[in-house]
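Before any comments, here is the structure.
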């Protein structure tokens, strides 16, 4: 019976471990970006706008096609009194002829019109719709870069959270071992009780730091799960950042020129300016007449009175709006919209230059921080070694030893965080220049 229970417990534990392993996923940075773009609700909404713009191009192109309309009616009439009289017999009675009784009537009309000339409205309308379609696609591409940089930030936070857990957990092992060693020394009368309490207090603080780090790691993992479309209970492990500074150093001017040529939002505004200029031509087209080829077919039937079949007509129709003075206001409105777009382009250009400068300085600072923190790790390790030797020879206090240990822990955390921050800073520079999705993310 005991063996049966033991076997059941082993099976349950094995099943739990298997389920845990199935819900754990190792995630690379590029995979995270691809998944976030694929599952982004924002991009799905933007794609709907792109589809709408494509449909608008089709609608504008349909204006070149002929329009066909069919109408018909059936009428039920009362019995009207119809009196026919002529000038020759105006005073006499009826002529003796009977009037037909008309109680119903039916007719049908088919009209066909093919536009030939409309002052350029159709052509300019198609041209404007195409500009707006391209602008909508560029907006979607720009959103992809925004989603990519958000994913990189989230991945960096997850990496830092996991790194903090690993580093603090290792430090907690050392702190617990120190407490154990100090306890043995205190029992043998070789260490003051106060020094043991200091070590225990530090171990408790490290344990609290580990709990906080684990909580942050869980929150970061849930945030990443939701961003990339995975179940929120999926445990994620990240690859090593492995950040390598880019070869060579480009000047801020080079980055600005790249941004002016590659930024999707700038290109979208330029296309909207072209669409606005086209709208001016559409408004000017109101000064011109429109010409269309027309055709029609009429059929009518009135019992006992009239039957019409095969009444076909073909011709050319001309329409000219004589209220041409109204076009002036529409032209002014279109010109005002062009000025608005041009002003927005200037505002965005200044904002892009500022973003490039901020991202460039952050990138340089992050690289310097890596070098500084790398040296700090070496210095903290050497400081702890020396302090430990002095402590073993009763040359420094327990407080000095614990302070050296804390400094070493902080140096390790700063170094790991600096690598992640440098990776983010470089990708933010790429995003500001508009080339994030065309450049390696690592």
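For region 229-364, the Kirkwood radius over C-alpha pairs fed into Stokes-Einstein at 25 °C and 0.890 mPa s yields D = 110 µm² per second. Over the chain, DSSP H runs of length four or greater, each weighted -39,500 (n - 2.57), average out per residue to a 222 nm ellipticity of -24000 deg cm²/dmol. Let me know the shape class of region 224-306, please: from the alpha-carbon gyration tensor, a ≥ b ≥ c as square roots of the eigenvalues, rounded when a/c is under 1.5, otherwise prolate if a/b is greater than b/c, or oblate. Verdict is oblate for region 224-306. The ratio of the alpha-carbon radius of gyration of region 338-442 to the globular-protein estimate 2.2 N^0.38 Å is 1.73. Solvent-free Debye calculation, one equal scatterer per alpha-carbon of the chain: log10 I(q)/I(0) at 0.09, 0.10, 0.11, 0.13 Å⁻¹ equals -0.87, -0.96, -1.05, -1.22. Exposure proxy shown here: for 107, 131, the number of other Cβ atoms within 10 Å sets the order, fewest to most, as 107, 131. Over all projection directions, the Cα-based convex hull of region 147-225 averages an area of 5.2 nm². Calculated FRET efficiency, residue 78 to residue 299, Cβ-Cβ distance, R0 = 25 Å: about 0.55 to the nearest 0.05. Report, in degrees rounded to the nearest 10, the 0 to 90 angle that the Cα long axis of helix 121-187 makes with the longest principal axis of the chain. The angle comes out at about 20 degrees.
Each of the peptides 290-296, 420-426 was scored by the mean count of other Cβ atoms within 10 Å over its residues; in descending order, highest first, they stand as 420-426, 290-296.
Compare the peptides 62-68, 137-143 by average per-residue count of other Cβ atoms within 10 angstrom and give them in order, highest first. Each step should come with its number before you reach the end.
Details: 62-68: 11.9, 137-143: 19.3.
The most tightly packed comes first, giving 137-143, 62-68.
The share of alpha-carbon pairs in region 379-427 lying farther apart than 16 Å comes to 48%. Between residue 194 and residue 116, the contour length at 0.36 nm per residue exceeds the Cα-Cα span by 18.1 nm.
Rank the residues 182, 417 as a footprinting-exposure proxy: fewest other Cβ atoms within 10 Å of their Cβ go first. Don't skip to the end; give the middle numbers.
Numbers: 182 22, 417 17.
By the 10 Å Cβ count, ascending, the order reads 417, 182.
Where Rh is the Kirkwood radius over the Cα pairs of region 198-241, the temperature 25 °C and the viscosity 0.890 mPa s, what D in µm²/s does Stokes-Einstein return?
Values: Rh = 12.1 Å.
It comes out at roughly 203 µm²/s.
Available extension along the chain between residue 257 and residue 320 is 17.7 nm, counting 0.36 nm per residue and deducting the alpha carbon span.
Throw me the Rg/Rh for region 295-343, computed over C-alpha atoms with Kirkwood Rh, two decimals. Before the final figure, lay out each step's value.
Working: Rg = 23.7 Å, Rh = 15.8 Å.
Value, to two decimals: 1.50.
Against the chain, whose longest principal axis comes from its Cα atoms, helix 252-262 is set at around 40 degrees.
Stretching residue 371 away from residue 335 to a fully extended chain increases their span by 7.5 nm, per 0.36 nm per residue minus the current alpha-carbon distance. The label-point distance for residue 237 and residue 361, in a model that sets each label 7 Å from Cα toward Cβ, rounds to 4.1 nm. Within the listed set 349, 69, 209, the Gaussian network model of the chain (springs between alpha-carbon atoms below 10 Å) gives the highest mean-square fluctuation for 69.
Across the alpha-carbon atoms of region 96-193, the computed radius of gyration and Dmax are 43.1, 148 angstrom.
Could you compute the FRET efficiency for residue 389 and residue 350, with r as their C-beta to C-beta distance and R0 at 60 Å, rounded to 0.05?
Working: r = 59 Å, r/R0 = 0.98.
Once the sixth-power term is evaluated, E becomes 0.55.
Relative to the dominant Cα principal axis of the chain, helix 264-284 is inclined by about 10°.
Computed over the alpha-carbon atoms, region 286-415 gives an Rg to Rh ratio of 1.75, Rh here being the Kirkwood radius from the mean inverse distance. Of the residues 169, 385, 272, 46, the one with the fewest other Cβ atoms within 10 Å heads the list, and the complete ranking is 385, 169, 46, 272.
Quick one: among 52, 186, 273, which has the greatest mean-square fluctuation in a GNM of the chain with alpha-carbon springs under 10 angstrom? Judging by the Gaussian network model, the answer is 186.
Taken together, the values in this text are just the output of simple stated rules run on the coordinates, not laboratory data. These figures come from a predicted structure and were not determined experimentally. For neighbour counting, all protein chains shown are included, and Cβ atoms are generated from backbone atoms with ideal geometry for every residue, glycine included.
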